[in-house]
Structures are given as C-alpha cells and as structure tokens.
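The values are calculated or read from the model by the stated rules, or taken from the named source; none is laboratory data. Note that the structure is a prediction, hence the values are computed from the model and not measured. Cβ: placed from backbone, ideal geometry, glycine included. Neighbour counts: every protein chain shown. Ligands, DNA and RNA are excluded from the accessible area calculation, which covers all protein heavy atoms including side chains. Shrake-Rupley method; radii C 1.70, N 1.55, O 1.52, S 1.80 Å.
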Amino acid sequence: LAGSVTGTSNISGILVHNRGMGGTDSGKHIIVTEGAGSAGGLVGSMTGGSVQACAVAVYVKSSGNAGGLIGTTSGVTVDSCYAGGHTQGAKYLTEVGDDTPGRVNVIGGASAGGLIGSATNTSISYSYTTASVKGATPGGFIGTRSGGTINNAYASGLVVPATEGDKPYPFIGNGNEQTDITNASYLLGVTTVVLNDQ
C-alpha cells in the first residue's frame, strides 16, 4: 500500500490478499513485497498514526526489516489487525525460493516478524498473525521490540532461525523491554524446539 507513512495518518479497513485462481497458492499469483529498507504487506515503514481493522496475506521479503503487516513502526497504534500465512499441503515450509508455493511468508535480512519486523513504542491490541518468519532476528509476532504495549494478541506461524541450530522465538525475537504484555500467546506445536521464556 505504501513504502513510508509519517504523521497522524489513520489507515483502516484495508484488505490485501492472494487472488490466485481457485484459491491455489501457485507462487505466481501472490504479491511479493520486496525492499532494501523496511518492507511490509501493508506499509514498509510507519512513524506515528494508527492502523485499524486491516488484514494482509502476502509474501514479504526485505534485506532490512520485514513484517507481515508493517516492516518498521515507531509511535504507532495497531488495533484489530492480522497478517495471514500461507502453507502448502496444510504445512509450513522452510523453503525460501520465490517460486515455491507455501514458502516462508516473511523474510528479513535484519528483524522479521509475523506482524511487525521492528516495533518501537508501538501499542498493539486485538491482533494476530499466522505467517511463517525467517530473519537475522526473527519473532513469530515481532522481530525486535522496544517499548509500547501488547494486549490480546497471538502468533501461530513457524519461526525459522537464520542459522541452523539457533533458537527460534515464537513471539518476540529480541526486546529490551518485555513488560506491558497482557493476554498474549503463541502456538508451541509449530516451533518444536526449546523455547525462550517470553
């Protein structure tokens, strides 16, 4: 929708999704958002403002921060939004090739999150993601978080570490402040390794 948004903009009621023929994920009918900076299914980078009642189900790829909904946020309010994931044969894949149906949904060279790649002082409520994630700092919900609040949220997608053997983080990849999180959860069954204590 937009590469960069700043100010007091309110984005609401937007749906971005796959319109492939017969609902089949062929890999050719999916929107691929690619960027060298921050990339997101809805917005690449957002400072200030709010996003409400928006839904995205696309592939996102960036050499920087990548998020299923927004790549990078600062001082943003997100409410009642979701980023949907893609699978193949009802299974998450670890493949990343652009022509592979059901490939990893969100790929970031830096921080990658199913909903937001990197979030600073961002308040998120009643939002969720089922997108799979891979990145240098991957998190099922948010890749990197600093400040803000999270209320009534969940993540259920596969998290693939950038390096084999690294620990995947099913909710937040890295955050210097893990307080102000209430009623948040992630699905243990998808990421089948010892998880962090977030």
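Yes or no: the range 94-108 includes at least one residue that is modelled with pLDDT of 90 or more and over 13 Å from the mean Cα position of the chain (by Cα).
no
Of the residues ALA112, ALA131, ALA136, which single one is part of a strand (DSSP E or B), among the aliphatic types (A, V, I, L, M), within 13 Å of LEU69 (Cα to Cα) and in contact (Cβ under 8 Å) with a residue 12 or more places away in the chain?
It is ALA112.
I need the full set of residues from the range 170-191 which are open to solvent by less than 80 Å² (accessible area, probe 1.4 Å) and modelled with pLDDT of 85 or more, in order please.
Matches in the range 170-191: PRO170, PHE171, ILE172, GLY173, ILE181, THR182, ALA184, SER185.
Going by the structure shown, is THR47 surrounded by 24 or more Cβ atoms within 10 Å (Cβ to Cβ) and modelled with pLDDT of 95 or more?
No, not satisfied.
Could you grab me the full set of residues in the range 76-95 that are open to solvent by less than 60 Å² (accessible area, probe 1.4 Å) and assigned to a loop (DSSP other than H, G, I, E, B)?
Of everything in the range 76-95, those that are open to solvent by less than 60 Å² (accessible area, probe 1.4 Å) and assigned to a loop (DSSP other than H, G, I, E, B) turn out to be VAL76, SER80, CYS81, GLY84, GLY85, HIS86, THR87, LEU93.
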